[in-house]
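**Q** Let me begin by handing over the structure; questions about it come next.
The values are calculated or read from the model by the stated rules, or taken from the named source; none is laboratory data. The shown structure was predicted, so the numbers you read here are calculated from the model rather than taken from an experiment. Every residue, glycine among them, receives a Cβ derived from its backbone with ideal geometry; neighbour counts consider all protein chains shown. Protein only, heavy atoms only, side chains kept; ligands, DNA and RNA dropped before computing areas. Shrake-Rupley method; radii C 1.70, N 1.55, O 1.52, S 1.80 Å.
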Amino acid sequence: MRGPHNILRLIRTGATFERTGAMNIVLDAFEAGPLLRITFRALVWPFRWLGYKGDPTMPPAPRALTALGPAYIKFGQVLSTRPDVVGEELAVQLRVLQDKLPPFSMREAKETIQRELGAPFDQLFSTFSEPVAAASLAQVHKAHLADTGEAVAVKILRPGIERAFQRDIDAFYFAARAIEVLSPASRRLRPMDVITHFEGVVRGELDLRLESSAAGEFAANTEGDAGFQVPMVRWHLSSRRVMTLGWAEGTNIGINDALDAAGHDRRALATRVLQLFLNHALRDGFFHGDMHQGNLKVAANGDIIAYDFGIMGRIDEYTRRVYAEILFGFIRKDYQRVAEVHFEAGYVPANQDVDEFARALRAVGEPIFGMDASRISMARLLSYLFEVTERFGMETRTELILLQRTMVVVEGVARSLDPHMNIWQVAKPVVEDYIKQSIGPQALMRDLAKTTRILSRFGPQLPRLAEQALIRLNNPPPPPKPQRRKARIAWMALGAVLATSAITLGNLL
Ligand SMILES: Nc1ncnc2c1ncn2[C@@H]1O[C@H](COP(=O)(O)OP(=O)(O)O)[C@@H](O)[C@H]1O
Ligand SMILES: [Mg+2]
């Protein structure tokens, strides 16, 4: 929706950026030209007093966004995953954004549950705790089911959150359009696309049925993964604004002292968390896209528990195979092969030079493999790789950026558990295993079987399809008649003559 409220909201945004000292950072990140800078500053300066002051203990960018409310916090979090858009420096600053907000009231929580689940609250739950966590979109309560006494976690969307988001997203679109007009140079960063991407992410999180279904799919995929748990969805107690999961208790994976006190083997946990992530990405093509320490715990029996399925990544089978081969090429330092894979997959345009590309890839791989084992990073390898491929004309792909960024987070979690971990050594067996399964004779047989299965589905229709094809082959349809166009022109001419006569007649009368 367009309107004056967008302008007011944007003035308040600008004023808050100005007051918190975040304005320059934002203008720098968007590579704003002098015209945009002057226009912005001149517009905002008289309204400085309208801006929020924010929490002065925070760095400027997170301080401004936190003061401006949930949509802005979320926007900052999404941007922190897109260093390709905002630059590495701002992305790192934004990563500290914590979305802890004051909880909404128990009364509102209970009302939402009754309305959404269509039953009196007391019939559903026998106990219901104060919120155990409250973030920008939702909060979580611990409860017990009235009928079975089972402990569950109930996640509830903030009342009115959709409207608040809609209002701010409208203002974001308005701003993006304004930026594209005022600063043509910024078009390279595709401001409108960034907002569309953001809207997509948030819309997904504003419908808890989508999160429930992601949790269900993830749980099914990982059922056989040793030492890993995903809480089970209680579908009959879940809806668009409420999601109920089995309660899963554990120690925070980010607190080493607590893990040690509970007797957990941190080195084993570090290895497992990385291997699980790689398996989900390569084997299943469906991975948890938000694996920070706040979303992981360690159960008493040593299992890693994952929470929060609002952001999941999906990679199709073809892309997974290509990337497994690329990683495998890097592991063997076969840069020529890595280059060829890019060309074979059509990722790099055929008019580029393979040998030159291979040389650029060597410059990516060698420094990383030359590092001390505890500093080797797959995430860094991918990030350098994307830089090079972009230079050689490959388009950026959102799902791969999410993969790379999650890899950064997972490596961080693993390193904090075991600072001396050799990431490559831990990753190698998973990549090799996947290669064995996905490329080679076994995979070929599987592909053939799949193709046959698909073809056989058409079995009963095949005779008819063949007959139709033959008939069409023997009687090709007549080419479109040129007369038709002539006829259309004649009709239009007739219409014009009639209209002119009618107007002339009208004037005469
Ligand atoms: N099934 C569960 N069992 C126990 N605690 C849970 C469960 N689900 C969520 N929590 C707790 O609530 C916190 C917030 O839940 P999460 O789904 O991550 O919400 P948000 O999207 O707001 O981050 C988690 O970090 C975890 O401590
Ligand atoms: Mg969370």
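**Q** If amide H atoms are built 1.01 Å from N in the plane of the peptide, which residues on other chains or at least 5 residues away come under 5 Å of the amide H of G21?
**A** Amide H neighbours of G21: none.
**Q** Quick one: length gained pulling N256 to K142 fully straight, 0.36 nm per residue minus the C-alpha distance?
**A** 38.5 nm
**Q** Take each complete run of DSSP H in the chain, measure how far its Cα atoms stretch along the helix's own axis, and keep only those covering 27 Å or more with mean Kyte-Doolittle hydropathy at least -1.0; list them.
**A** Membrane-span-like by this criterion, though nothing is claimed about a membrane: 161-182, 398-417, 482-508.
**Q** Please list, in order along the stretch 282-299, the HN-Hα scalar couplings obtained from phi with the Karplus expression 6.51 cos²θ - 1.76 cosθ + 1.60 (θ = phi - 60°), rounded to whole Hz, x for Gly and Pro.
**A** Working through the residues one at a time gives 7, 5, 9, x, 9, 10, 5, x, 8, 8, 6, 4, x, 9, 9, 9, 10, 6 Hz.
**Q** When the helices in the chain are scored as -39500 (n - 2.57) per DSSP H run of 4 or longer and the sum is shared across all residues, what 222 nm value do you end up with, to the nearest 500 deg cm²/dmol?
**A** Helix-only estimate at 222 nm: -19000 deg cm²/dmol.
**Q** Would you mind counting up the charge near R41? Only other residues with Cβ under 14 Å from its Cβ, with Lys and Arg at +1 and Asp and Glu at -1.
**A** Residues close to R41 contribute a combined charge of +1.
**Q** If each residue of separation counts as 0.36 nm, what is the full-extension length gain between D193 and N422 once their alpha-carbon separation is subtracted?
**A** Stretched fully, the D193-N422 segment lengthens by 78.7 nm.
**Q** What accessible area per residue comes out for the stretch 315-445, rounded to a whole number of Å², with a 1.4 Å probe?
**A** 46
**Q** What distance in nm lies between label points placed 7 Å from Cα along the C-beta direction at K450 and Q352?
**A** In this crude label model, K450 to Q352 measures out at 2.6 nm.
**Q** OK, next. Amide H to amide H, which residues 5 or more places from M312 or on other chains are under 5 Å from it, using H placed in the peptide plane?
**A** For M312, the qualifying residues are G289.
**Q** If you consider only alpha-carbon coordinates, what radius of gyration and Dmax does the chain have, in Å?
**A** According to the Cα coordinates of the chain, Rg and Dmax are 28.5, 101 Å.
**Q** Counting only protein heavy atoms, what percent of the accessible surface of the chain is carbon or sulfur at a 1.4 Å probe?
**A** Taking all protein chains in place, the chain shows 59 percent carbon and sulfur surface.
**Q** F125's amide H: which non-local residues (gap 5+, or another chain) put their own amide H closer than 5 Å, with H modeled 1.01 Å from N in plane and none for Pro or chain starts?
**A** A146
**Q** Ok, one more. By how many nm would the segment from A268 to E467 lengthen if fully extended, with 0.36 nm per residue of separation less the alpha-carbon distance?
**A** Taking 0.36 nm per residue and subtracting the Cα distance, the gain is 65.4 nm.
**Q** A follow-up question, please. Taking the Cβ of M421 as the centre, find all other residues whose Cβ is under 14 Å away and add up their charges (Lys, Arg: +1; Asp, Glu: -1).
**A** Details: positive: R266, R267, R272, R375, R415, K428; negative: D265, D372, E411, D418.
Residues near M421 contribute +2 overall.
**Q** Tally Lys/Arg at +1 and Asp/Glu at -1 over every other residue whose Cβ is under 14 Å from the Cβ of T127; what's the total?
**A** Counting the neighbours of T127, the net charge comes to -2.
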